[in-house]
1. If each of Glu119 and Lys53 carries a label point 7 Å out from its Cα toward its Cβ, how far apart are those two points in nm?
2. Taking R0 as 35 Å, what FRET efficiency do you get between Ile93 and Glu5 from their Cβ-Cβ distance, rounded to the nearest 0.05?
3. Along the Cα→Cβ direction, 7 angstrom out, place labels at Arg127 and Ala73. What is the inter-label distance in nm?
Amino acid sequence: MPAWEWSLIALGVLLLIYAGFVAVLALVGRKAQARAFSRFVPDCIVLFGRLLKDPRIPRSRKLVLLALIGYLAMPFDLIPDFIPVAGQLDDAIIVALVLRTILRGTSPNLIRQHWPGPEESLQTMLRLAGQAHPA
């Protein structure tokens, strides 16, 4: 089977797991958290696109962001995504490290300006990026 077919299968499985987790949150009465979680990945995609277009971000950091997007789009990872928790954890760690790199030369307000999601998700994003007490 070609690699692109495996990629589509893996993407489908991940989307089912993602949708299942959101459904479980909604069923147990945590609708606000389910809504925030369901929007987190799309919000990250919008954030990355906006950061790439921002002239205040140095070109070297934009290259790091492009490398992150390329890594996340690849059909294989350091730890395969089909391994529960650990498979997604390596992606989250790499996202946090890249955001930390971007924030080193700027302020958390830059992320805040571009973040399309709820404030709670933004605070989580800033904590992952090493901003203990975001302004």
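1. According to this spin-label approximation, the distance is 2.6 nm.
2. According to the calculation, E is roughly 0.80.
3. If labels sit at Arg127 and Ala73, their model points lie 3.1 nm apart.
Read-outs throughout are calculated quantities, based only on the coordinates presented, and are distinct from any laboratory measurement. Not measured: the values here are computed from a predicted model. Backbone-built Cβ (ideal geometry, glycine too); neighbour counts: all protein chains shown.
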